[in-house]
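K.L.:
The structure's right below; bear with me while I get my questions together.
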Amino acid sequence: MSALLVLEDGRTFTGEAFGAVGETFGEAVFCTAMTGYQETLTDPSFHRQVVVMTAPQIGNTGVNDTDPESSKIWVSGFVVRDASRVSSSWRAQRDLGDELATQGVVGISGIDTRALTRHLRERGSMRVGVSSTETDPAALLERVLQSPQMAGADLAHEVSTRQAYVVPAVGAKRFTVAAIDLGIKASTPRHLADLGCEVHVLPAWTTWEQVEALAPDGVFLSNGPGDPATTDGPVALTRKVLETGLPLFGICFGNQILGRALGLDTYKLRYGHRGANQPVQDRATGRVHVTSQNHGFAVQAPTDGTAVDTPYGPVVVSHVGLNDDCVEGLRCLERPAFSVQHHPEAAPGPHDAGGLFEDFVRLMEAQRA
Amino acid sequence: MPKRTDIQHVLVIGSGPILIGQAAEFDYSGTQACRVLREEGLRVTLINSTPATIMTDPEIADATYLEPITPDYVRKVIEREKPDALLATLGGQTALNAAIALHESGVLAAHGVELIGADVPAIHRGEDRQKFKEVVASIGGESARSSVCRTMDEVLLATADLGYPVVVRPSFTMGGLGSGIAFDEADLHRIAGGGLAASPTAEVLLEESILGWKEYELEMMRDRADNVVVVCAIENVDPMGVHTGDSVTVAPTMTLTDREYQHLRDLSIDIIRAVGVDTGGCNIQYAVNPADGRVIVIEMNPRVSRSSALASKATGFPIAKIAAKLAIGYTLDEIRNDITRVTPASFEPSLDYVVVKVPRFAFEKFPGADPSLTTTMKSVGEAMAFGRTFVEALQKAMRSLEQSPCQFWVGEDDPGTDPAPWLASAAVPHDGRLLDVEKALRLGATAEQVHEATGIDPWFVDQLLALVELRAEIVAGDLDEPLLRRAKRSGCSDAQLAVLKGVAEVEIRALRHQLGVRPVYKTVDTCAAEFAAETPYYYSTYEQESEVAPSSRDKVIILGSGPNRIGQGIEFDYACVHASYALSAAGFETIMINANPETVSTDYDTSDRLYFEPLTVEDVLEVVHAETLSAEQGGGALLGVIVQLGGQTPLRLAQALKDLGVPIVGTPPEAIHLAEERGAFGKVLADAGLPAPRHGMATTFEQAREIADEIGYPVLVRPSYVLGGRGMEIVYDTAMLTDYVQRSTLIGPDAPVLVDRFLEDAVEIDVDALYDGTDLYLGGVMEHIEEAGIHSGDSACALPPITLGRSEILRIRESTQKIAAGVGVRGLLNVQYALKDDVLYVLEANPRASRTVPFVSKATAVPLAKAAARVMLGATIAELRIEGLLPAHGDGADTPYDAPISVKEAVLPFGRFRTVEGKGVDTVLGPEMRSTGEVMGIDAAFGTAFAKSQSAAYGELPTSGTVFVSVANRDKRAMIFPVRRLADLGFTVLATEGTADVLRRNGVTCEVVGKHSEGRGDDVVPRVLAGEVDLIVNTPRGVGGRLDGYEIRTAAVLRGI
Ligand SMILES: Nc1ncnc2c1ncn2[C@@H]1O[C@H](COP(=O)(O)OP(=O)(O)O)[C@@H](O)[C@H]1O
Ligand SMILES: Nc1ncnc2c1ncn2[C@@H]1O[C@H](COP(=O)(O)OP(=O)(O)O)[C@@H](O)[C@H]1O
Ligand SMILES: [Mg+2]
Ligand SMILES: [Mg+2]
């Protein structure tokens, strides 16, 4: 069955239906990771996005029940060059195409994904429609233009857990961490748990009082979808955390939330960073980590090492993306608070930055001492 | 960390001659390194013995020593040049071994030379298989269970524990030399015995077999700030048990989830840190159990390796270049990614294509050699191709091999109806295994059956199954636009489709063009289009959007030489690269097409544009089309295609391209035909009054016999249109002729056999010359050291000629000019002569760059290939003399008598091959070429130049010890003086009876040993095997009775004598 992909500027691609039959809309973004499509699909940060995989052959290892980063596939559409007919892995349980169909995710295969990627690179991320029911590009385009924009979208509450839950510490419990779920990936609490943290995963709308009631040793702000400029609740919560001096660690969206809490601005990148090969330098050590990234927005701050004065004391850009000099991390100099824009939990991607979880634990240790 | 300021002068060690397992890729890496160092303002001194390299070009280093890569010669260079640092990690194992020896003997320290890019203890930890296993264990990794053995008894004991099959490997050798898989005790004796001999430290490692596991290779880089990146992860289609160099390999990995891939990445980083690789590249190999994902670390190469070149070409990440920068102190984040120009090198390339490498073998050259693939690398070259899917890339790579059969369905393709024999055949790894897999699937074998039989991952099998299904559709259906497009997207060539549809290839092409199904060109950009690419490094695929930009300069396409093979190697790449440089310098836009990842020509900054494509008519035509469009849009013009520099590969395409309207620059295809076709060439010679050996052409055995009777035995027989003397033999009588015809199935009306009078004891002479239509520039005259009958590629030669007088050289010059004019050459011409009884016979003329062009250029310091490229585009020799590209006066016929002598020696791969029974293959040379590479020795006198060439090729000649002499009767007189001289020098002489008699009569004392065939047990073979003999002089006894010689020679190869 054929399928149609139409971008909001009218560029059209024709391919084959992949996954569920139907129609879907979202923001078209491309991801350059060569492995880990299952983790990507289930990352809540991709909510309302149609993901274009630049690696051409996808689905080769099928899907399993251990690799997902959340309970469902979040992408609103999936675009690949070539979808595998079989699944080959001792861990494979189902085929990717079937999984997409079961979860009602509309996809398209067989299109020139490199041409599409170059288009997005040159013109920026934009809205897109994918349909295996519509044959008229003009009609689909009309609906694309009616679909919502990503800029200004407050999405964290759409993906957040409704109910708080606890991920128990592995081994002896050393700390209690309140993790605000703005679109959290399963491997983040797992990493903390491995370091002896009992992680209370809390909904995005959790109040300071609710956090305080848990008497946590630290607060964690997760990754998540949407425009950070609209996410006010978690920003207010973060300010409270900063005031009290509780250790705080944020990842991705959490980095943007900390930035906003400190009074910094965020902006939308032309086409974002999505992949598993992004070089990030730790300004303190000079070391470069190859990181996993997935962000369309970024924090505005000086990357030359100068500290910015904020109501919570000076803050510096601790990590910088070497490809485009983008802010990839913030560190408060007078508060036990820091965050990174990239994903130390990886999944998918390299584990180079995994030590940041230990940094967070050290902050909690220091606070306790 | 910025560049170190304490290093001003670096000595770089090259890799020496091209060998199996250590080939052209080290020219590529060494060249990159030298360039980088000079760009950084350092003085570079280079030592390398191979003339056919870009690396040894005068502009690459400040001082170049064409000397043997032995610790002794390197020391001499150090003493003279006094470098601050030594860089040896880019010249393969040869360079590294020499550097380690110098480090350990204290020479480096004594001269204050720092070994950069390598840390000796770290190298030991990486290369010593036992130490490496300890490292692996220390980071929590797993190695195959193993045991180090120093004697055969220990070997047997260890096997009792490990169980059969068991893998036997010597340490400190590369390319798996001497290693193998033993299935029983006989195998064990054969392989372990060989292994003990091949390893300088005389120990072998026995290892539990993990045959059939998935095999992976990760190419890594580390800088001195401890930043580590994985440049490329490569998956082997052939599972464990086939050397990665002999496997079909693919990047990126196709059958690993992120978890498994990251596990390999984590292990690699832990290992590289634990080993302590200083800076630079290294690779680590893994086996993954397909049943449960258990990972075993196989080995690491703590240096730039064979697969680094592959990884560089596959990703656009120039490993060698970056390794050189890291060695002088930069860190990865300080180095720019050349392709994007804005992002740093501290990232990991992301591929939005699939790249496949296929090996090229030369078993036909070594009759009797066991063609099954094991842990010892046997391939002589490789082809690589890009596509947007695995099958597309695979099919493009396969047709890049230029062999028959190498594509599915083309050539003899009658598989019968039963898949069983094909499954059985595919179960034993061998060249062309995937062809068997396809046949089995076509005949109904299931994917599971194929997986069971071969261990090939089901995903790859399914890719082939999809192709088989597509084939059925094509055979059954109408080749309409959608189907044709799907076929092209699966990498099918017009030739394949033509076979399936039973029509001519041109018809498919016409249909395809009519339907508008043409390839587009995508860019290899390291980043999956995340950033704009500044380097036009293209591959074809069937998609929507092409990325070829318009250009305004006049352009020239240069066709490369395809995969390395015996007879057509790096020498041709050298000529192509030179043409590109010369034409760029003259203001042309240069466009390279080639499919060989091991070479400098496929470096993205060698030419203005690079198309990594198969060298077939179809693929070249499409590039021509794309470049014509680019010229139309940009205002430039496509001047033409150069076909005479890449050896026989492009030459074969010349006529077809011209017929299709593609302009060919230089010698026109008609002239090429005049020289290549015997009859036509005979007429050229006759018109010029030049003699050739008497000859005839036969299409039946009867005819062949008549011709032979008429011209007289011995005769030389061969199929027409060959390179490297394929299928060529010397035949002494009718019986041998019958035998030859029976063995070569080739004879027939379409495949005539040439019969030439064989000139015995003639002096063979090789000439390279340049002709512009009026003037001839004689590049050089080379006199072969072996007599005619040994292929010119295998014999040693000297330049200037050592026994030819002035008048003979002038005669050669005159004859060459007549041939050039008669054929109509514009560019290079190579002529081979045989001088016998004062008659100068013309053996053959090749209207193209020859194997010896680099040697001549290096020996005379005249860039022949550059000049040739200019001549092809209209410059005259007179103009080039004024410009300074050629000397103002004189040429290769006027070398002064006191000029230094250059000697070229061939390097042969016999040590790699074994017969099925495990014996060595015979090493006698003949008219069929077998060498893989060559070296050069230069000195004031012939003797020392020759000795240098020998050391460079085979290691130092012994200066004392025991010599064994056994020669054919005809050679006994010639032997007396040299052997007496050896005895005077203190050698102990052993000889077989006949030889001993002659020696004794001439006053040489010697010990008699028996003949092996007499079976008395006192023969020399065991003593050779025991290492008691240091030098062997042996000539085969002509017809028959060669067995003794065979035993002796194979024993010698085994012991490296
Ligand atoms: N234990 C083993 N069992 C089966 N095959 C093996 C084993 N070890 C190595 N091999 C095979 O032999 C090849 C060569 O071995 P390797 O250690 O890589 O040596 P080299 O130094 O020659 O590259 C590998 O590519 C692999 O396919
Ligand atoms: N008539 C001949 N007599 C003696 N040797 C010959 C004769 N013809 C060819 N040879 C030997 O065979 C080798 C290969 O022959 P050649 O015609 O050069 O083939 P190729 O095209 O493979 O280079 C030559 O280098 C030469 O040593
Ligand atoms: Mg290996
Ligand atoms: Mg020849």
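The values are calculated or read from the model by the stated rules, or taken from the named source; none is laboratory data. All values reported here derive from a predicted model rather than from experimental measurement. Backbone-built Cβ (ideal geometry, glycine too); neighbour counts: all protein chains shown. The protein model used for the area step is the full one, side chains on, heavy atoms only, and it has no ligands, DNA or RNA in it. Shrake-Rupley method; radii C 1.70, N 1.55, O 1.52, S 1.80 Å.
K.L.:
Using only protein heavy atoms and a 1.4 Å probe, report how much of residue A:269 is accessible, in Å² to the nearest 10.
P.N.:
Around 20 Å² of this residue is reachable by solvent.
K.L.:
Sticking with this one: Can you grab the distance from the C-alpha centre of segment B:781-806 to the C-alpha centre of segment A:116-194, Å, no decimals?
P.N.:
A separation of 73 Å, based on Cα centres.
K.L.:
Which whole number gives the average count of other chain Cβ atoms within 10 Å of the Cβ atoms across peptide A:283-293? Please list the in-between numbers first.
P.N.:
On the way: counts 0, 0, 2, 5, 6, 13, 3, 10, 1, 2, 0.
Mean inter-chain Cβ contacts per residue within 10 Å come to 4.
K.L.:
Quick one: if the Förster radius is 56 Å, what FRET efficiency do residue A:145 and residue A:208 give, using the C-beta to C-beta distance and rounding to 0.05?
P.N.:
The formula returns an efficiency of 0.85 here.
K.L.:
Also: Taking the convex hull of the Cα atoms, report for segment A:75-210 its projected area averaged over all directions, in nm².
P.N.:
12.6 nm²
K.L.:
Still on this model: Provide the solvent-accessible area of residue B:866, counting protein heavy atoms only and rolling a 1.4 Å probe, rounded to the nearest 10 Å².
P.N.:
30 Å²
K.L.:
Sticking with this one: When the scattering of segment B:514-617 is computed by the Debye formula from its Cα atoms alone, each counted once and equally, what is log10 I(q)/I(0) at q = 0.17, 0.25 Å⁻¹?
P.N.:
Per q value, in the given order, log10 I(q)/I(0) is -0.83, -1.38.
K.L.:
Continuing with this model, one more query. Keeping every protein chain in place, order B:138, B:493, A:71 by accessible area at 1.4 Å, biggest value first, i.e. largest first.
P.N.:
A:71, B:138, B:493
K.L.:
Shifting gears a bit: So what are the three principal axis dimensions of segment A:174-246 from its Cα atoms, in whole Å, longest to shortest?
P.N.:
34, 26, 16
K.L.:
Using only DSSP helix segments of four residues or longer, with each worth -39500 (n - 2.57), what per-residue ellipticity at 222 nm results for chain B after dividing by its residue count and rounding to 500?
P.N.:
-11000 deg cm²/dmol
K.L.:
Moving to a separate point now. Run the reach check for residue B:76 against aspartates and glutamates, Cα to Cα strictly under 19 Å, same-chain hits fewer than 8 apart removed. What comes back?
P.N.:
B:62, B:67, B:84, B:104, B:114, B:939, B:956
K.L.:
Could you tell me how many degrees, from 0 to 90 and to the nearest 10, lie between the Cα long axis of helix A:232-244 and the main elongation axis, the longest principal axis, of the Cα atoms of chain A?
P.N.:
Taking the Cα atoms of chain A, the angle to A:232-244 is about 20 degrees.
K.L.:
Right, another one. What is the Cα centroid distance between segment A:313-341 and segment B:359-426, reported in whole angstrom?
P.N.:
Taking the Cα centre of each part, segment A:313-341 and segment B:359-426 sit 54 Å apart.
K.L.:
Would you mind giving the mean number of other chain beta-carbons within 10 Å of the Cβ of each residue in A:112-124, as a whole number?
P.N.:
Average per residue, whole number: 5.
K.L.:
Further, regarding this structure: For the pair residue B:448 and residue B:702, how long in nm is the line joining their label points, each one 7 Å along Cα→Cβ?
P.N.:
About 5.8 nm, to one decimal.
K.L.:
Now for a different question. Please report the relative contact order for chain A, taking Cα pairs under 8 Å with a sequence separation of at least 6, and give it as a percent rounded to a whole number.
P.N.:
On the way: 988 pairs, mean separation 55.3, N = 369.
Rounded, it is 15 percent for chain A.
K.L.:
Probe radius 1.4 Å, ligands and nucleic acids left out: which of B:157, B:37 has the largest accessible area, and how do the rest follow?
P.N.:
From most accessible down to least: B:157, B:37.
K.L.:
If packing is taken as the mean number of other Cβ atoms within 10 Å per residue, what is the order of A:313-322, B:73-82, B:901-910, highest first? Mind showing how you got there, number by number?
P.N.:
Details: A:313-322: 20.8, B:73-82: 16.8, B:901-910: 24.1.
In decreasing order of mean packing, A:313-322, B:73-82, B:901-910 become B:901-910, A:313-322, B:73-82.
K.L.:
Compute the distance from the alpha-carbon center of segment A:205-251 to that of segment B:515-564, in whole Å.
P.N.:
50 Å
K.L.:
Next question. Let me make sure I get this right: for segment B:379-456, a, b and c are the square roots of the gyration tensor eigenvalues over alpha carbons, sorted descending. Under 1.5 in a/c it's rounded, otherwise prolate if a/b > b/c, else oblate. Which is it?
P.N.:
Prolate, since a/c reaches 1.5 and a/b exceeds b/c.
K.L.:
Moving on to the next point. Direction-averaged shadow area of the convex hull around the Cα atoms of segment B:795-885, nm²?
P.N.:
With every direction weighted equally, the projected area is 6.5 nm².
K.L.:
Can you give the extra length, in nm with one decimal, that the chain gains between residue B:151 and residue B:294 once fully stretched, where that is 0.36 nm per residue apart less the Cα-Cα distance? Could you put the intermediate results ahead of the total?
P.N.:
Working: separation 143, 0.36 × 143 = 51.48 nm, distance 3.20 nm.
48.3 nm is the gain from fully extending residue B:151 to residue B:294.
K.L.:
Further, regarding this structure: Sequence neighbours fewer than 8 away in the same chain don't count; with that in mind, list the lysines whose C-alpha is under 27 Å from residue B:972.
P.N.:
Qualifying lysines at Cα under 27 Å: B:836, B:904, B:948, B:1011.
K.L.:
Let me ask you something else. Extending each Cα 7 Å along its Cβ direction at residue B:774 and residue B:39, get the distance between those two points in nm, one decimal.
P.N.:
The two pseudo-label positions are separated by 4.1 nm.
K.L.:
Under the rule a/c < 1.5 gives rounded, and otherwise a/b versus b/c splits prolate from oblate, where does segment B:320-409 land using the Cα gyration tensor?
P.N.:
It comes out oblate by the Cα gyration axes.
K.L.:
Continuing with this model, one more query. Can you give the Rg to Rh ratio of segment A:142-187, both from alpha-carbon atoms, with Rh computed by the Kirkwood formula?
P.N.:
Answer for segment A:142-187: 1.22.
K.L.:
Calculate, for residue B:970 and residue B:114, the FRET efficiency according to 1/(1 + (r/R0)^6) with r their C-beta to C-beta distance and R0 56 Å; round to the nearest 0.05. Spell out each step's value before the answer.
P.N.:
Numbers: r = 55 Å, r/R0 = 0.99.
Result of the calculation: an efficiency of 0.50.
K.L.:
Residue B:709 to residue B:806: extension gain in nm, 0.36 nm per residue of separation minus the Cα-Cα distance?
P.N.:
31.2 nm
K.L.:
Ok, one more. Please find the FRET efficiency linking residue B:72 to residue B:372, where r is the Cβ-Cβ separation and R0 is fixed at 45 Å, and quote it to the nearest 0.05. Mind showing how you got there, number by number?
P.N.:
On the way: r = 39 Å, r/R0 = 0.87.
E(calc), rounded to 0.05, equals 0.70.
K.L.:
Please give the helix A:113-123 orientation as an angle from the longest Cα principal axis of chain A, in degrees from 0 to 90, rounded to the nearest 10.
P.N.:
60 degrees
K.L.:
Within 10 Å of each Cβ of B:521-533, how many other protein chain Cβ atoms are there on average?
P.N.:
Per residue, the average neighbour count from other chains is 5.
K.L.:
Output the 0 to 90 degree angle, nearest 10, between the alpha-carbon long axis of helix A:137-146 and the longest principal axis computed from the alpha carbons of chain A.
P.N.:
Here the helix axis deviates by roughly 20 degrees.
K.L.:
Subtracting the Cα-Cα distance from 0.36 nm times the residue separation, let me have the gained length for residue B:637 to residue B:837 in nm, one decimal.
P.N.:
Taking 0.36 nm per residue and subtracting the Cα distance, the gain is 66.7 nm.
K.L.:
Would you tell me the accessible area of residue A:136, worked out with a 1.4 angstrom probe on the heavy atoms of the protein chains, in Å² to the nearest 10?
P.N.:
The accessible area comes out at roughly 70 Å².
K.L.:
In whole Å, what are the Cα extents of segment B:63-128 along the three principal axes, biggest one first?
P.N.:
So the extents along the principal axes, rounded to whole Å, are 32, 23, 18.
K.L.:
With 25 Å as the limit, write out which pairs from B:555/B:658; B:396/B:866; B:3/B:133 have Cα-Cα distances beyond it, or answer none.
P.N.:
Check vs 25 Å cut-off fails for B:396/B:866; B:3/B:133.
K.L.:
Another one. Determine the percent antiparallel among the DSSP beta bridges restricted to the protein assembly as shown, to the nearest 5.
P.N.:
Roughly 65 percent of the beta bridges in the protein assembly as shown run antiparallel, per DSSP.
K.L.:
Each label point is 7 Å from the Cα along the Cα-to-Cβ direction; what then is the distance between the points at residue B:79 and residue B:1007, in nm?
P.N.:
3.5 nm
K.L.:
Taking the inverse of the average 1/r across all pairs of different Cα atoms in the protein assembly as shown, what Kirkwood radius in Å do you get? Spell out each step's value before the answer.
P.N.:
Working: mean 1/r = 0.0295 Å⁻¹.
Its Kirkwood hydrodynamic radius stands at 33.9 Å.
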